[in-house]
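Right, one structure below, let's go through it.
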Amino acid sequence: MGNFTTTLITVAIMLAYAIPGFIFVKTKAIKPDSIGAFARVLLFVCQPALFLYSFNAATYTPEFFKQMGIFFGLCMGMQILVMVGLTLILKNKFDDIRNRICTIASALANVGFFGVPLLEAILPEHPEAIVFSTVFSVSLNLLSWTLAVGIISWDRKKMSVRNMVINPTTVSLLVALPLFFTSTKLPTVIAPIVELLARMTTPMCMLILGMRLATVTPKDLFLSPRIYLSTAIKNVIYPLLSFLIIYFIPLPTYIKVTFFLLGCCPAASMVLNMSELVGEGQTQAACSVLISTLSCIVTIPLLALMIPLL
């Protein structure tokens, strides 16, 4: 029951970070129009710091790099499997943006902002595990600007190679990877600052989520069957598939646990970003992320009971 309790407490703390954001918007201390400013701080300041912090925690070896490559392939494969599978099932109904939102909300996970605290709680003896959350984030970023935006817009012209290549994720990697490959650690003066900014990602992400929660109506949030479908797939079916696949892959146990835990993470805020990009489906996207995140306080601790089987 140790994993159940640990994940329950960790997830509960993360969800508690959303409460101030909800209160600030409801009391009009923060206007809904200002949410985007918080999101930009998260995207352009905290997330790059998280990447640097992750790679700074690991030491390069050829074997470790090989494991990262295998992990990257598995992450890409899982996300493509879910998106393509649902596209084939729902494509005759893709004239409705809500079905396209459902498809990508079922596949894209909040593996960075939500995954890192989980990994640090469950695998404290393996700080290098958080590097794999960054690897997962890279795969998610690449798919978001190609397959995911193609699905949500249902228009190939919306796919942006430029945004796929030039974004906070890839720019951060241009700094982090040379340091990682040369086993160069951040200077002692800079490292604590980077760590502080990195640890702000989860509170900031959940604060923004709470703000967004205050802007939607209960009807939009709770009365859409598609939201429950995407949540069921992302929070239950996706992790179970991840478990089944990683169980048979010859990798160290901590990497298997990492892959499984990241698969348990709720729908990514990138889903909302993609809907903002194409200019439709924003309410559906926001509600899908919210319900997926709120329900993970039940799903993640229960799924964590499977960790000893890996």
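Taken together, the values in this text are just the output of simple stated rules run on the coordinates, not laboratory data. The structure presented is a predicted model; accordingly, all values stated were derived computationally and were not measured. We place every Cβ from the backbone using ideal geometry, glycine too, and count neighbours over all the protein chains shown.
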>> Taking the condition of being hydrophobic (A, V, I, L, M, F, W, C) and outside any helix (DSSP H, G or I), how many residues in the stretch 201-217 meet it?
In response: 2
>> Of everything in the stretch 24-38, what is in a helix (DSSP H, G or I) and either among the polar types (S, T, N, Q) or without any contact (Cβ under 8 Å) to a residue 24 or more places away in the chain (or both)? Give them in sequence order.
In response: 33, 34, 36, 37
>> Here's a check for you: in the stretch 208-251, which residue that is small (Gly, Ala, Ser) and closer than 30 Å to residue 34 by Cα is surrounded by the most Cβ atoms within 10 Å (Cβ to Cβ)?
In response: 230
>> Looking at the stretch 123-137 only, could you name the residues that are part of a helix (DSSP H, G or I) and touching a helix residue (DSSP H, G or I) at 6+ places or on another chain (Cβ under 6 Å)?
In response: 129, 130, 131, 132, 133, 134, 135, 136
> For residues in the stretch 66-102 being surrounded by 14 or more Cβ atoms within 10 Å (Cβ to Cβ) and basic (Lys, Arg), which is farthest from the chain's Cα centre (by Cα)?
Replying inline: 91
> Is it true that residue 28 is charged (D, E, K, R) and farther than 24 Å from residue 175 by Cβ?
Replying inline: yes
> Within the stretch 271-283, is there a residue that is within 15 Å of residue 114 (Cβ to Cβ) and in contact (Cβ under 8 Å) with a residue 60 or more places away in the chain?
Replying inline: yes
